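Below is one structure, written out as structure tokens; comments come after it.
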Amino acid sequence: SKSTSVVHDTFESGPSAQPSGEFAPLNNEPFLPGGKEALEKHIKALDLYPYLAREIKLEGTVRVKFRVQPSGYVTDVQLVKSRGSLLDVAAINVVTKMPRWYPAHRAGIAVSRLVELPITFRLD
């Protein structure tokens, strides 16, 4: 058995490509519909904790960043903090298999936004 937990963290991306006031505050950060609970459920359902990592009792938190496009699709998935290739690959797979997100909005217009997500692999 395993548990994988998520703490939702975001950070400011570079200037928006939107001409209408790139300094206007965001109306909302991007989020997965259903919130943190939906994110946890999605990750658990995937069951991507690598068998070998379980066998050698490898645990830890991998930080992954990605861009949520105005369409809600996740792109530009990158590793921020590694916990070794087994867990890194599993965490990237979790993110690339995510359903569409609700995008960030600025001045009522959907904009692309970077999200940084810690994904924790823990043996129970």
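Simple rule: put +1 on each Lys or Arg Cβ and -1 on each Asp or Glu Cβ in region 47-116, find the dipole, and look at TYR49, GLN78, ASN93; the Cα lying farthest toward the positive end is GLN78. Per-residue surface analysis assigns LEU123 an accessible area of about 40 Å², computed on protein heavy atoms at 1.4 Å probe radius.
Which values of log₁₀ I(q)/I(0), to two decimal places, follow from the Debye formula for region 47-96 at q = 0.16, 0.26, 0.32 Å⁻¹ with a uniform point scatterer at every Cα? Log10 of I(q)/I(0), two decimals: -0.47, -0.94, -1.21.
Among the trypsin sites (Lys or Arg not before Pro) in region 40-124, those located in a DSSP loop and surrounded by at most 11 other Cβ atoms within 10 Å of their own Cβ are LYS57. With all pairs of separate Cα atoms included, region 62-124 yields a Kirkwood hydrodynamic radius of 12.3 Å.
Each Lys and Arg Cβ is given +1 and each Asp and Glu Cβ -1; about its Cα centre, region 73-124 then shows a dipole of about 120 debye.
Using heavy atoms of the protein chains and a probe of 1.4 Å, the accessible area assigned to ILE56 is about 100 Å². Amide hydrogen proximity for VAL80: with H placed 1.01 Å from N in the peptide plane, the residues at 5 or more positions away or on another chain lying under 5 Å are ARG63, VAL64, LYS65.
The values are calculated or read from the model by the stated rules, or taken from the named source; none is laboratory data. These numbers were taken from a predicted model, which means no experiment stands behind them. Every residue, glycine as well, gets a Cβ built from its backbone with ideal geometry; the counts of neighbours run over all protein chains shown. These area figures cover heavy atoms from the full protein model, side chains too; ligands, DNA and RNA do not enter into them. Shrake-Rupley method; radii C 1.70, N 1.55, O 1.52, S 1.80 Å.
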